[in-house]
Each structure stands twice: as C-alpha cells, then as structure tokens.
Amino acid sequence: MTDQSATPPRPDTGANSMWGGRFAAGPDAIMQAINASIGFDQRMFAQDIRGSRAHAAMLAAQGIISPTDAEAIGEGLLTVLSEIEAGAFTFRPELEDIHMNVEARLKDLIGEPAGRLHTARSRNDQVATDFRLWVRDQCDAAISGLEALIAAALAQAEAGADWVMPGFTHLQSAQPVTWGHHMMAYVEMWGRDLSRFRDARARMNESPLGAAALAGTGFAIDRRATAAALGFDRPMANSLDAVSDRDFALEFLSAASICAMHLSRLAEELVIWSSAQFRFVAMSDKWSTGSSIMPQKRNPDAAELIRAKIGRILGATVALFTIMKGLPLAYSKDMQEDKEQTFDAADSLMLALAAMEGMLRDLSVNRDAMAAAAGAGFSTATDLADWLVREAGLPFREAHHATGALVAKAEARGIDLPELTLVEMQAVNPAITQEIYAVLGVDNSVASRTSYGGTAPVRVREQIAQWKERLA
C-alpha cells in the first residue's frame, strides 16, 4: 500500500488573479497547455485592441467610467498595440489568451484604471467580437484576392479570345472552343466566389459586443454606439446567439472551400496542359521547380500545391461543423477550437489565390499546340450534324446517325472528317454538298457558336468587357 504521506505535495502555482477569488490555486501544466489559446489567438491582437477601445469610449460616454480613465485606457491600448506590432511584447501562456495578455499589460502601463475596462463585458462577447472582426477582415482580403485573380484571367482571355483549343467532356476531345472562352469559365466561377464572400460579410456584420456572458448586462450601455465604432451595421439582437454563434466562420469556410475547389480545378488543368503530352501551356520559372535527378524536368509544383489546398480548407470546414453541431447554448470551451481551423484555412486560401494570380499572369500559352489538338478527335462532328439539320433539312436524330457513320468511315481510314472526299460523304447522305467543308474547320466552328454564353470570339469579348466594367 502506498504511503500517501510520503508523496510530496504538488507545488501551489498561485491563484490566477484574472479569474478572481473563486480559484485558490493555478492550473497544473497539462491543464494550462490544453486551456491556453495565446499560441494562436494572439493574431487577433489588433481586433481585440480595437474592440476594447470602442468599449471603453462607450463606457465613458454612458457615464459608467470616467473620461479620465477612458482616456488612459485608450492611450494605454495604443501603446500595447505598438509594442505587439514592433515585436516587443511578451505573450504569457499562463494568461491563457490574447484578451488577458492585453489587459494584464494594460494594467502594467496604467495601473488601476485598467481594471475598469472589463465593466459590462465578458470574455464571451469579447472573443465573439474579436473573431468576427478578424473573419470580416479575411472576407475583405479574399474579395481583393479574387478581384486581382479575375483581372489576371481577363488578361489571358482577352489575349486569346480567338485562339482555338479543344473543349473536353470526360477529358475526351468534344468540340473546339477558344482559350478566352475557357478562361472566362473560371472568371464566372470566381465571380460566384466573390458574391459568396460579399454575402457572408454582409450577414456577419452585426456586433456581439455588449451581450456580456450570455444574458446581457444591467449597465446602461449603448450597443449601437460600439457597433458603429467597429463598422458593424447593428448589434446582434439576442445575447445568447451573440456569444454562441459561429455561423460567420462557417460561412467564410464554406465560401473558402468552394473557392479552393475552383482553384484546384484550374490547377489540375494547368498540370495536365503543361505536360509534354499536351504542351498547351508553359509555366514560368517562377512557378516551377526542377528535379534532383532528371535535369529535363520542369515540375508544376505551385499548381500542385494549390490543388492540394482544398484538403486543408475543406478539412477545417468539416472540423468546425463537427465542433459546433452538438453544443447547447450558450458558450462552451469547445468553441476555442474554432480559431486554429479558420486561421489555417484563411492562410491557405490567400496563398492559393495569390499563387494562382501569379501563375496566370506569367503563363505562356502554346497557341499552335492547342490549335492542332482542337481539330483532332472529330471535334467538329456536331457542326456536321448541325449543318445537315440546318441546310439539308434532316431531323436531328437522322443527322446524328449520318454523322456517326461519317466518323466511323474516317476513323477506319485513320483520317479526320475534313479529309473525307465529297463522294465519300454523299455515299452516306446525298444531301451533303461542298459547303459542308466550311463548317468542318475549327475556326469556323467556334465562330458559329454565337448563342449567349457561347465560345464565339465576339461573345467572349462581350463577356470580357462586361467583367471589366464590373470590376471597375
């Protein structure tokens, strides 16, 4: 049997003064390690200080603290901000988070008035406000990144509005399209991403500050004043919801996941197109790497890494959904796990957006290789069928059958459709005339696709002009 009296007592690390008198001893090392968030939430320092300055100014305006104390708090917080920005601030893990670290340093600087800053406020509404401000800033960054990326894609589209290339389904040559049309497809995707981030930003632009722990406060605060000072449209209407809501982060992550998926699709195409088998594009040296053993290699590593970012971003989205799905109202410590996921996803998205923009701006397009591939694989077969409907009056199903027979005939001879003689074509359908050859060229094919949203260069240039106007 163990002699308990021989077991040395655990050292008393002292009460945590930030928690008040409820706790007689501080946490042990493991509890401190799992509980502390300062290692990652310190990146919200600017948002935390901004929120605290707005709160202090409101408290003074409402007569809850003196103007002298509010001025000392405001100036002291600016000093803390400058120390952090200069790298001269020491973050202390025992103080758990950015909020307590800032407040403790403020007390060192201005003394007793620092203790009045937390009047009518809880860490619950404080962190909800800081995090919402931070995510709102990331929405703005994503919007700016997308606008720059769209501008780069528009430059590519404008240069190649009439450059023919294969259009694919199932990665099989289907119909000829233009490089500009292909680029504009991604512009449309990124345009939807823009709208998602803008919508998310508008929806999250309500202030949790003043909700306190969960029930509001008995102090005569002015939540509309702090909301306006922080650039919010209004205060959140329910204090329980204000401290427990993380929809804003989930919306940001959802929009980021869709955006990253779009980036991944183009990254995959760039990887394929830059291969020796395609040679449609060439990456600049800035966005490629070599091989340690094969001197001829130019690896599209930037595109491959962008392609992989969706895993991290979508993973963060699933993680936060999982964290939030079973939480009763209002705040639970589980919600501390919201930030690392969101921080990492935001970093990954911003890096991927910037890298894709750089690759597109430096990308060299091999127009000749694309044009050669555009005419292969019987890509103008649909044009032939359309001609039979339009000029020979055949029902489409009959025209489709005749075209299939002509493709089979050309395939058996190892030639493409334009290389069949008129006699060979008329043996399949006597209504075919010499004019058929005008639609079998890839340039004629793309020029004929003039329906709204089609690949005809005239339509592509219209879309480019409209997007330039939207960005302007």
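The values are calculated or read from the model by the stated rules, or taken from the named source; none is laboratory data. Small disclaimer: the values here were computed from a predicted structure and weren't measured. Don't worry about glycine lacking a Cβ; one is built from the backbone with ideal geometry, like all the others, and counts go over all protein chains shown. Note: areas computed on protein heavy atoms with side chains; ligands, DNA, RNA excluded. Shrake-Rupley method; radii C 1.70, N 1.55, O 1.52, S 1.80 Å.
The table for this structure:
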read-out	value
Which listed residue, of 153, 174, is touching a Phe, Trp or Tyr at 6+ places or on another chain (Cβ under 9 Å) and either surrounded by 23 or more Cβ atoms within 10 Å (Cβ to Cβ) or not assigned by the TED database to the domain that holds residue 263 (or both)	153
Close pairs (9 angstrom Cβ cut-off, 6 or more residues apart or separate chains): closer than 16 Å to residue 134 by Cα in the stretch 49-61, of a type in the set (Asp, Glu) anywhere	50/130; 51/130; 52/103
Out of 228, 215, sole residue that is open to solvent by 50 Å² or more (accessible area, probe 1.4 Å), part of a loop (DSSP other than H, G, I, E, B) and free of Cβ contacts under 8 Å to residues at least 40 places away in the same chain	215
Residue ranges of helices (runs of 4 or more DSSP H) in the stretch 432-472 with at least 2 members on the phi < 0 side of the Ramachandran plot, open to solvent by less than 60 Å² (accessible area, probe 1.4 Å) and at pLDDT 95 or above	457-471
Residue selected from the stretch 231-245 under the condition open to solvent by 30 Å² or more (accessible area, probe 1.4 Å) and assigned to a loop (DSSP other than H, G, I, E, B), by the criterion nearest to residue 117 (Cα to Cα)	231
Qualifying position, being closer than 30 Å to residue 153 by Cα and free of Cβ contacts under 8 Å to residues at least 40 places away in the same chain, among 426, 466, 434	466
Residue match in the stretch 2-14 (condition: closer than 14 Å to residue 101 by Cβ, in contact with a helix residue (DSSP H, G or I) (Cβ under 9 Å, 6 or more places away or on another chain) and either modelled with pLDDT under 95 or assigned to a helix (DSSP H, G or I) (or both))	no
Pair list, Cβ < 7 Å and 6+ apart or interchain, from the stretch 75-98 residues that are under 11 Å from residue 36 (Cα atoms) to residues that are outside any helix (DSSP H, G or I)	93/36; 96/36; 96/37; 97/37
Residue list for the stretch 99-119, restricted to those being β-branched (Val, Ile, Thr), touching a residue at least 40 places away in the same chain (Cβ under 8 Å) and more than 28 Å from residue 250 (Cβ to Cβ)	119
Residues that are surrounded by 17 or more Cβ atoms within 10 Å (Cβ to Cβ) and in contact with a Phe, Trp or Tyr (Cβ under 9 Å, 6 or more places away or on another chain), drawn from the stretch 49-90	59, 64, 80, 81, 84, 89
Residue list for the stretch 360-410, filter: open to solvent by less than 50 Å² (accessible area, probe 1.4 Å), among the hydroxyl-bearing types (Ser, Thr, Tyr) and at pLDDT 85 or above	403
Filtered residue count, the stretch 327-336, keeping only those that are part of a helix (DSSP H, G or I) and surrounded by fewer than 15 Cβ atoms within 10 Å (Cβ to Cβ)	2
Failed condition for residue 254, given (1) outside any helix (DSSP H, G or I); (2) among the small types (Gly, Ala, Ser); (3) under 16 Å from the mean Cα position of the chain (by Cα)	(1)
Unmet requirement for residue 83, which otherwise passes all of (1) modelled with pLDDT under 80; (2) in a helix (DSSP H, G or I)	(1)
Residue tally, condition closer than 16 Å to residue 369 by Cα and open to solvent by 40 Å² or more (accessible area, probe 1.4 Å), over the stretch 261-271	1
Out of 122, 144, sole residue that is surrounded by fewer than 24 Cβ atoms within 10 Å (Cβ to Cβ), free of Cβ contacts under 8 Å to residues at least 24 places away in the same chain and either more than 25 Å from residue 454 (Cβ to Cβ) or not assigned by the TED database to the domain that holds residue 360 (or both)	144
Residue match in the stretch 344-355 (condition: over 30 Å from residue 407 (Cα atoms), modelled with pLDDT under 95 and buried (at least 18 other Cβ atoms within 10 Å of the Cβ))	no
Qualifying position, being at pLDDT below 95, of a type in the set (Gly, Ala, Ser) and crowded, with 19+ Cβ neighbours inside 10 Å, among 302, 282	302
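Results for (1) modelled with pLDDT of 95 or more; (2) outside any helix (DSSP H, G or I); (3) closer than 28 Å to residue 349 by Cα, shown as yes or no for each residue.
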position	(1), (2), (3)
113	yes, no, no
129	yes, no, yes
140	yes, no, yes
150	yes, no, yes
157	yes, no, yes
176	no, yes, no
181	yes, no, yes
198	yes, no, yes
